[in-house]
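The values are calculated or read from the model by the stated rules, or taken from the named source; none is laboratory data. Computed from a predicted structure; not experimentally measured. Heads up, the Cβs are rebuilt from the backbone with ideal geometry, glycines too, and the neighbour counts pull from every protein chain shown. Surface accessibility is based on the protein's heavy atoms, side chains included, excluding ligands, DNA and RNA. Shrake-Rupley method; radii C 1.70, N 1.55, O 1.52, S 1.80 Å.
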Amino acid sequence: KLGEALLMGRAASGPQLLILGDEVAAGSGAWCLGGWSKKLVADLHGRFGYGCCARVGRDMDVYRAEKDFEEIVASSAPKPLVVLVAFSAGLAHVSSCPDWDREPSCTAFLQALEGLVGKIFASGAYPVIAGLCPHGDCGAEHAGIWRQMQDRIWALGVPVLDWLHALVASPQESAWAPGLCHDAVRPNGSGHQKMFACVDASVFDPATVRAVLARRDAELEQEKVCFSDGNGFQVACAAGKGDLVISNSTQNDYELNGGWGQLQDALAAARCESPWCLQRGLYISYDQEGICAAVALDGAGRVASAEPVAVPAGRTLVLQSSASFVRSSSVKLIFAAGPLTILTCAVTGALLVLNEATFEYNV
């Protein structure tokens, strides 16, 4: 019901905006729900002719949005050009949870956000993320967590409505600045106004958005070189297939490892430039001789696996994303539960155990 306040200016033609968000995105805390998102919808309608549909409120969180995204988009005709992901209160739990639960909670939120961004791109729309809000229960020890999470969200490579700096009293704090909150979670009218004032409306420019989506379509049809050392070794991403292609045309053996600084920086830059490539997860090669190679990438596109991957002279390794690998005819799925997958190889009969979590499993 809170989202009904946003259903304004919904044109039958012209670009469409879909907002997925929590109660802050619904305008809760502001008079008559006249929050930042309602102001933004009116502004974008005036600037670019956007219509709007919203699925926001207390019953919506990033996990539900990711899970139900296809159903939400299907019921949001006409098709959105931009999807604004607005879960600014998504770290509320972290403000009061035990120390040991902070990082797992942050990681789960970020991975759900990343998964939602991927689904938005796959639907043909353009994702924009609303940044984090402060929380009234945060102490000084939370400021670093909030800033680090904001940086990790930026690393996803899509536009972020960055207003955290305007809502806190100083960079050393992550609680609301005086006079900006309705309660611990929600901004008041002044807080919502501050948030709207921080929005760069140019990121919603339909011409810019369509140019990025056209570039994505083009890159899905070809390999994108993400790193080259200039001597014949390169790492490319075939985003359309979900493959990582590592080529070594030199006469020297190479190793792909996380300690190679230039490689890591180049991969992160490529991920920011093209956020549909170098997706988080395992990339696997397993040939008929039983030789296995695997690389794990983190959310920034960097190599996260501890074990180096040997790339012999004159060889090219094609590593499939775990999702593609599991669907291939060369393996049979035995068991899957979240990040843990167990397969058997159709050729060698070997048992393959894939762990895409950020922690160890005992099987």
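A compact table of results
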| read-out | value |
| --- | --- |
| Surface share of carbon and sulfur [accessible, 1.4 angstrom probe, percent] for segment 158-206 | 55 |
| Dipole magnitude of segment 133-204 about its Cα centre (Cβ charges: Lys, Arg +1; Asp, Glu -1), debye to nearest 20 | 120 |
| Estimated vicinal HN-Hα couplings, Hz - segment 233-245 in sequence order (Karplus 6.51, -1.76, 1.60; Gly, Pro = x) | 10, 8, 10, 10, 10, 9, 4, x, 9, x, 9, 10, 10 |
| Per residue accessible area of the chain, 1.4 Å probe, in Å² | 45 |
| Dipole moment magnitude, nearest 20 debye, the chain about Cα centre, only Lys, Arg, Asp, Glu C-beta charged | 1120 |
| Cα-Cα P(r), the chain, percent of pairs per 20 Å interval | 27, 53, 19, 1 |
| Solvent exposure ordering (accessible area, 1.4 Å, most first) of 154, 260, 31 | 31, 154, 260 |
| Segments 87-100, 330-343 sorted - mean Cβ within 10 Å per residue, highest first | 87-100, 330-343 |
| Protein accessible area in segment 226-363, 1.4 Å probe - carbon and sulfur % | 49 |
| Distant-in-sequence amide H partners of residue 56 (H built 1.01 Å from N, under 5 Å) | 3, 21 |
| Distance between modelled label sites at residue 307 and residue 328, nm, 7 Å Cα→Cβ extension | 1.6 |
| Of 119/241; 79/194; 38/67; 38/224, pairs whose Cα-Cα distance is over 27 Å | 79/194; 38/224 |
